[in-house]
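Worksheet: the structure to be examined is printed underneath.
Readers should treat all values here as calculations from the given coordinates under stated rules, not as data from a laboratory. Everything numeric here is computed off the predicted structure, so don't read it as measured data. All Cβ positions, even for glycine, are placed from backbone atoms using ideal geometry, and neighbour counts span all protein chains on display.
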Amino acid sequence: MKLAFGGSLRRKLLAAILLTSLVAVVVALGAMIAYDLRAYHRSWLDNIDAQAALIGRTTAPALSFDDPRVAQDNLAVLRFQPKVRAAAVYTTRGVLFARYLADGVKAEFPALPGADGVTVAGSSVIAFRRIVEHGQILGTVYLQADYELIDRLLSYAGIALAVAMFAMLVATLVSAWMRQIVMRPILAVGTAAREVVERQDYSRRVEQRSDDELGALVAAFNNMMNEIERRTIALEASNLDKAREVEERRGAQQEVMRLNEELERRVHERTAALERSNADLALANDAAQSANRAKSEFLSNMSHELRTPLNAIIGFGQMLAMADPNSLPPERYKAFLDHIVKAGHHLLSLINDILNLAQIEAGKLTLSVEPIRVADVLAECQSMTEPQAERRGIRLLFPAGPEAMVKADRTRLKQVLLNLLSNAIKYNRDSGSVVVDCLRLGPDRMRLSVQDTGIGMRPEQVGALFQPFNRLGQEGGAQEGTGIGLVVTKRLVELMGGELGVSSRPGAGSQFWVDLPAEPAPDLVTEPMPLLPAADEPAAATVLCVEDNPASLDLIQAALAVRPGVRLLTASNGKRGVELARAHQPDVILMDNNMPVLTGGEAHVMLKNDPRTAHIPVIAISANAMPDAVGKGLAAGYFRYLTKPVDLTALAEALDSALALSASRQPPR
């Protein structure tokens, strides 16, 4: 192969054309011969099988009447088939009944007939075929014929060799013609290149005779020579400018020296900047150490606050354990138990506040921010704080049913207001008052304020108000506290997009306010919920809505009011929702996520694990619209996952699909 493609370009071109032609001829002839031999093989085997079947039919009567002479005459017809060398007919017992041998052929007949089929054995084709008459096997036909596949292959090889030689001759002639067309421009370029190298004559050019690739090669060579000639002239001209360049380099050297001086000046400036950066880094390190000390102080204070109620619980518990029940007065026994219960409640409140603060600091607290009616939250807070205020004779003043709405997490907003109200009652004077107000600051801002008539705070106390475990000197007072309630409250307000502020004067009381984003009150009946086409009269269906937000619950009630035959059950927390689902077996459940007592996710798990409610489709309605939350909800088994604000069309489609699924799972009512 190296010899064929070595040497001059002419030899390479000739070798390429001959090799391509040879490969094409060999592939074409090989495919044609293979196809013809396969067809010959198949047709010859079919022919032998058909002859065996024909002999069987003509010999069947002779076998039936046990007439070997007739069978022998039938086999003698095979003398007109020169390729058939031997034939025989066997009875059902395998006895040779009649036979035939072509002239000049010596063959041995099988002692017993073989299985039906046609096989190739060397240069012979052997066929066995059963003789069947009216479903009864009468005997077997044996047939042996010549198989001339090898002879046919040799004849084809001779033809292929002749065709290949003719193709090589034609390819050689074509090669000679191609060399004239292809090689002439290439040789002209090579000759011109040698003359340029030998004579240094850059004005040499090659005539361009075509516009094909070879013409493009000639044009490129001529352009290259033009460029070389132009650059040679330019180089000669540049030699005249070298003296001037030497002077310019001297000037450049002086400029380099000036730049070195400038560089030294900049190095000094950068060094000073680095020193300032190191000083800033030292300040940052001091701040980090200060934060670390603050963390250690926080842990120390937390340990102290935890040990204080534990001391009371363990101490009074040990006293009860060591005391004689018969000699201990009942009032003293009750006092010990009161101390233990009081310390336990204080410890529980402290642990809850620490867990809330830890969740907020770790960014793991999930909020469900949605439109909230302020009047509903204030009403709940009023009912929960009135007993505490009545014990000290403190008057609570709430605004008369404000229609304002804010965007917040309902549970966390109630936690914030309860903390502010509890502090206002706890640190107030006896027979004082607490005033709660709701004020709109602008079109998109609402302020909720809590003002008390307590002792107030000094400016330095206000500055330390939001430090964990700092009770501003009230550690030894009569009122218990954890010292981190306001810290948690401030973080919760900021997470809801709001701001917590305070103003106070000693002896005049304090006022805390919470600024939150305002939300216009929705019109719950502006657009009816779209319905699917109904039949004559739909069967009664029960829908359970588990939602702690009254505004959202009103929207669902208004949307379902226009649907005939739908009975609505409601629950304000997950625990009550599970109880209603088990008791009433609703067809569909609409489930909020963030709720008190038991979250929607926890309630959904309980429903799925209960065989009584596992079949009920649950549609999630949540303010958490993040894509990963939607995906996790559907993966957890929710039938649909709708996000707030609720699209009534999407709610209608989800409700219809869920009712249809529920109806298919239950027997007709």
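Can you give the net charge of the other residues whose Cβ lies under 14 Å from the Cβ of residue 47, counting K and R as +1 and D and E as -1?
Value of the local net charge: -1.
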Problem set entry | Net charge contributed by nearby residues that have their C-beta within less than 14 Å of residue 410 (K/R +1, D/E -1) | -4
Seminar exercise, completed: In this structure, the FRET efficiency calculated for residue 270 and residue 219 from their beta-carbon separation, with R0 = 56 Å, to the nearest 0.05, is 0.50
Seminar exercise, completed: Taking a crude spin-label model, label points 7 Å out from Cα along the C-beta direction, the residue 626 to residue 161 distance in nm is 8.3 nm
Problem set entry | Full-extension gain in nm, residue 235 to residue 445, via 0.36 nm per residue minus C-alpha separation | 67.7 nm
For this session: Between beta-carbons, use under 14 Å as the cut-off and find the net charge around residue 247, counting Lys and Arg +1, Asp and Glu -1.
Result: 0
For this session: Using per-residue counts of other Cβ atoms within 10 Å, averaged over each peptide, order 273-279, 91-97 from highest down.
Result: 91-97, 273-279
For this session: For region 111-155 and region 204-270, compute the distance between their C-alpha centroids and round to whole Å.
Result: 90 Å
Exercise. Given H placed 1.01 Å from N in the peptide plane, which residues other than close sequence neighbours of residue 548 have an amide H under 5 Å from its amide H?
Worked result: none
Problem set entry | Table column - 3J(HN,Hα) (Hz), region 407-413, Karplus curve with 6.51, -1.76, 1.60, x for Gly and Pro | 9, 6, 8, 4, 5, 6, 5
Exercise. Rounded, prolate or oblate: which fits region 133-272, taking a ≥ b ≥ c as square roots of the Cα gyration tensor eigenvalues, rounded meaning a/c under 1.5, else prolate when a/b beats b/c?
Worked result: oblate
Exercise. What's the FRET efficiency of residue 341 with residue 569 using the Cβ-Cβ distance as r and R₀ = 45 Å, to the nearest 0.05?
Worked result: 0.75
Problem set entry | Distance (nanometres) between label positions extended 7 Å along Cα→Cβ at residue 615 and residue 194 | 9.9 nm
Seminar exercise, completed: Under 5 Å from the placed amide H of residue 124, counting only residues 5+ away or on other chains, we find 147
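Mean shadow of region 597-661, computed from the convex hull of its alpha carbons, in nm²? Walk me through the intermediate numbers first.
Details: hull surface 19.3 nm².
Projected over every direction and averaged, the Cα hull of region 597-661 covers 4.8 nm².
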For this session: List every residue whose amide H lies under 5 Å from the amide H of residue 542, counting only residues 5 or more places away in sequence or on a different chain, with H placed 1.01 Å from N in the peptide plane.
Result: 567, 587, 588
Problem set entry | Entries in 414/490; 490/575; 414/644; 407/644 that, when Cα-Cα distance is taken, lie over 18 Å | 490/575; 414/644
Exercise. Of the peptides 48-56, 103-111, how do they stack up when ordered by the mean number of other Cβ atoms within 10 Å, highest first?
Worked result: 48-56, 103-111
Seminar exercise, completed: In order over region 646-660: 3J(HN,Hα) from phi, Karplus 6.51/-1.76/1.60, θ = phi - 60°, whole Hz, x for each Gly or Pro, gives 6, 7, 5, 5, 5, 5, 4, 5, 5, 5, 4, 5, 5, 5, 5
Exercise. How long is the gain from residue 64 to residue 79 if the chain were fully straight, where each residue apart is worth 0.36 nm and the alpha carbon distance is subtracted?
Worked result: 2.9 nm
For this session: Tabulate in residue order the Karplus-calculated ³J(HN,Hα) for region 35-45, using 6.51 cos²θ - 1.76 cosθ + 1.60 with θ = phi - 60°, rounded to whole Hz; enter x for Gly and Pro.
Result: 5, 5, 5, 5, 5, 4, 4, 5, 5, 5, 5
Problem set entry | Highest average packing first - 67-74, 136-143, 581-588, 416-423, Cβ atoms within 10 Å | 416-423, 136-143, 581-588, 67-74
Exercise. According to a simple spin-label model (label point 7 Å from Cα along Cα-to-Cβ), what is the distance in nm between residue 646 and residue 334?
Worked result: 5.1 nm
